[in-house]
Amino acid sequence: MVNDKGIRVDGRRVDELRPIKLEAGVLNRADGSAYIEWGENKVLAAVYGPREAHPRHRQDPARALVQCRYNMAPFSVSDRKRPGPDRRSVEISKVISEAFSHVVLREQFPRATVDVFMEVLQANAGTRCTALTVAAVALADAGIPMRDIISSCAFGKADGQVILDLNKEEDNEGEADVPIAIVPRTNEVVLMQMDGHITKEEFDSGLKMAVDACHRINEMQRDALRRRYSVTTDTREAVKAISEGV
Ligand code: ADP
């Protein structure tokens, strides 16, 4: 899994992320949307709301609900996945909802719901981190007020070495997988799960690696939003011309 030069099966160093491409505002009908390619993972996110929550008995009179749905397309994995929710996707939807509930300013929208849909089109380990990262951009694209844009990445262990952002092979053969998500501004952890075994020292060094990576990912999320909303000189001049009645 990791050779004596510290190089992994896919050529990465132990603390290296897979390549990430992110784009905000890719769907016309959603209030906010984004698309990400992270290594071989491909995930689309769409956000609706804030809108009145239905059925009404689910409404919270003090704050908005943040309802997330993580879904894997049947063709996203090598063996066709049975369509529809399963234990795993219900769990992932729940932990991602909890993470966003910490940062969305829910008190501003009593009785409302913010709905977040994440569609995994292609999966290669780390899809919950990928889905959360792209959904955070879609939420910002929808103009949902949040304390920060949260970012996510996993660390783990393979061949006795602490590694960042496990791919499928490392996830299958490795000793541990620890996905986390943080609020970059404060470094608060809003998601943490663990599968496998790891020592306290390995955990500490892996956590530091993943937190550093989340800060790099946050910069990519902000870049995607900047690209979507940047006003070019041409646009500025056109707006000025229109306002002056030219
Ligand atoms: P994560 O994608 O967040 O790492 P898991 O650790 O549960 O979540 O899954 C690891 C990987 O296993 C997924 O990214 C995907 O590539 C694969 N996988 C998950 N569910 C299925 C499934 N039902 N059939 C085939 N492969 C799957």
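Of all beta bridges that DSSP places with both ends in region 41-148, some 60 percent have antiparallel geometry.
Of G143, H102, Q59, whose Cα points farthest to the positive end of the dipole of region 20-230 (charges on the beta-carbon: +1 Lys, Arg; -1 Asp, Glu; origin at the Cα centre)? Farthest towards the positive end: Q59.
Surface analysis of the chain yields an accessible area of 52 Å² per residue, using protein heavy atoms and a 1.4 Å probe.
As a test, work out the antiparallel percent of DSSP beta bridges whose residues both lie in the chain, rounded to the nearest 5. It would help to have the intermediate numbers written out before the result.
Details: 42 of 50 bridges.
If we restrict to bridges inside the chain, about 85 percent are antiparallel.
Using Cα atoms only, what is the angle between the long axis of helix 87-101 and the major principal axis of the chain, expressed in degrees (0 to 90) to the nearest 10? Result, in degrees: 60. For F155, the amide hydrogen comes within under 5 Å of the amide hydrogens of D165, V178, I180, counting only partners 5 or more places away or on other chains and with H modelled in the peptide plane. From its DSSP helices (H runs of at least four residues, each -39,500 (n - 2.57)), the chain gives a residue-normalised ellipticity at 222 nm of -10500 deg cm²/dmol. Straightening the chain between L105 and V9 buys 30.4 nm, computed as 0.36 nm per residue apart minus the Cα-Cα spacing.
H102 contributes an accessible area of around 100 Å² to the protein surface, as traced by a 1.4 Å probe with all chains present.
Among V90, V26, V116, the largest mean-square fluctuation in a Gaussian network model of the chain, built with springs joining Cα atoms closer than 10 Å, belongs to V90.
Each Lys and Arg adds +1 at its Cβ and each Asp and Glu adds -1 at its Cβ; summed about the Cα centre, the chain shows a dipole of about 920 debye. The distance from the alpha carbon centre of region 5-33 to that of region 42-91 is 21 Å, rounded to a whole number.
The long axis of helix 127-141 is offset from the longest Cα principal axis of the chain by roughly 20 degrees.
Between the beta carbons of N172 and A62, assuming R0 = 41 Å, the FRET efficiency works out to 0.40 to the nearest 0.05.
Cross-link pairs exceeding 30 Å between alpha carbons, from the set K5/K168; K94/K157; K5/K81; K21/K240: K5/K81; K21/K240. Estimated translational diffusion coefficient (Stokes-Einstein, Kirkwood radius over Cα pairs, 20 °C, 1.002 mPa s) of the chain: 113 µm² per second. Taking chymotrypsin sites (Phe, Trp or Tyr not before Pro) across region 42-140, the ones in a DSSP loop with at most 12 further Cβ atoms lying within 10 angstrom of their Cβ are F75. The C-alpha atoms of the chain define a longest principal axis, and helix 200-229 lies at about 30 degrees to it. Share of carbon and sulfur in the accessible area of the chain stands at 50%, probe radius 1.4 Å.
Peptides 189-197, 177-185, 1-9 ranked from most to least packed give 177-185, 189-197, 1-9, packing being the mean of other C-beta atoms within 10 angstrom over each peptide's residues. Spin-label model, V231/E23: points 7 Å from Cα along the beta carbon direction are separated by 2.5 nm.
The values are calculated or read from the model by the stated rules, or taken from the named source; none is laboratory data. Just so you know, these numbers come straight off a predicted model, no measurement behind them. Cβ: placed from backbone, ideal geometry, glycine included. Neighbour counts: every protein chain shown. To get the accessible areas, we keep the full protein, side chains included, count just its heavy atoms, and leave off ligands, DNA and RNA. Shrake-Rupley method; radii C 1.70, N 1.55, O 1.52, S 1.80 Å.
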